[in-house]
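Trainee: Got a structure for you, questions after.
The values are calculated or read from the model by the stated rules, or taken from the named source; none is laboratory data. Worth saying up front: this structure is predicted, and the values here are computed from it rather than measured. Because the Cβ atoms are built from the backbone with ideal geometry, glycine has one as well, and the counts that use them run over all protein chains shown.
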Amino acid sequence: MTPAEKKLVQTTFATLVPIAEEAAALFYARLFEMDPSLKPLFKSDLTEQGKKLMTMIGVAVKGLDTLDELVPAVKNLGRRHATYGVTDAHYDTVGGALLWTLEKGLGSAFTPDVKAAWTTVYTVLATTMKAGADARA
Ligand code: HEM
């Protein structure tokens, strides 16, 4: 990622933090609209789950300069996701719901550059999680 992309992701994430709960609610509504079969995978309270998701994205966004250090933790997260019933294909659906949520939450600040930068971050996270899920060591 270029420094400019990192900055775009960090500043846009910061504007979402105050509306994190609403953003998480929008995200799950959109996700289940895109694929209702995902709903039963989520066993716990969605408000709590939404907080965990936003926290984890926040950790990654903050650590964009040192993402390499997060690889083991993100791989473990991916391994746990396999046990929740998450498949590789689900990552595309979640990525779509995430970008849609960013568009709703950011409004006109969701420029093509912002979209491209977030797509890069999500792709790095998803690719690392999938690698972790595949490594059945
Ligand atoms: C960048 C991608 C993702 C991130 C950062 C993320 C983050 C998290 C976090 C932090 C948790 C809390 C539990 C734990 O730490 O193991 C969690 C749980 C979960 N995630 Fe994700 N996740 C991602 C992608 C996905 C995808 C693609 C799916 C597919 C539907 C998914 C479905 C779930 C489910 C079903 C749970 C467990 C919920 C429950 O027990 O009720 N996640 N996720």
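Trainee: Condition test on Thr87, is it modelled with pLDDT of 95 or more and among the β-branched types (Val, Ile, Thr)?
Mentor: yes
Trainee: Residue under question is Leu8, and the condition is that it be modelled with pLDDT of 90 or more, surrounded by 15 or more Cβ atoms within 10 Å (Cβ to Cβ), in contact with an Asp or Glu (Cβ under 7 Å, 6 or more places away or on another chain) and not polar (S, T, N, Q); does it hold?
Mentor: yes
Trainee: Only residues in the stretch 8-31 that are farther than 15 Å from Lys52 by Cα count as the first member; pair them with residues that are away from the ligand (no atom under 14 Å from the Cβ) and not in a helix (DSSP H, G or I), Cβ under 9 angstrom, at least 6 apart or cross-chain, and list the lot.
Mentor: Listed by first residue and then by second, the contacts come to Leu8/Thr111; Val9/Met1; Thr12/Phe110.
Trainee: Note down all Cβ pairs under 9 Å where the first residue falls in the stretch 75-101 and is more than 21 Å from Thr12 (Cα to Cα), the second is basic (Lys, Arg) and not in a helix (DSSP H, G or I), and they're at least six residues apart or on different chains.
Mentor: Arg79/Arg136; Ala82/Arg136; Tyr84/Lys43
Trainee: Here is a check on your reading of the model: is Asp65 among the acidic types (Asp, Glu) and closer than 18 Å to Asp134 by Cβ?
Mentor: No, not satisfied.
For (1) of a type in the set (Phe, Trp, Tyr); (2) crowded, with 18+ Cβ neighbours inside 10 Å; (3) within 13 Å of the ligand (Cβ to nearest atom), each residue gets a yes or a no:
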| position | (1), (2), (3) |
| --- | --- |
| Pro36 | no, no, yes |
| Ala73 | no, no, yes |
| Asn76 | no, no, yes |
| Gly105 | no, yes, no |
| Lys130 | no, yes, yes |
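Trainee: Shifting gears a bit: Which of the residues belonging to the stretch 55-70 are hydrophobic (A, V, I, L, M, F, W, C) and either within 9 Å of the ligand (Cβ to nearest atom) or more than 15 Å from the chain's Cα centre (by Cα) (or both)?
Mentor: Met56, Ile57, Val59, Ala60
Trainee: Looking at the stretch 38-55 only, could you name the residues that are surrounded by 13 or more Cβ atoms within 10 Å (Cβ to Cβ) and either among the charged types (D, E, K, R) or in contact with a helix residue (DSSP H, G or I) (Cβ under 7 Å, 6 or more places away or on another chain) (or both)?
Mentor: Within the stretch 38-55, Leu38, Phe42, Leu46, Gly50, Lys51, Leu53, Met54 qualify.
Trainee: Exactly one of (1) more than 7 Å from the ligand (Cβ to nearest atom); (2) without any contact (Cβ under 8 Å) to a residue 12 or more places away in the chain is unmet by Lys43. Its number?
Mentor: (1)
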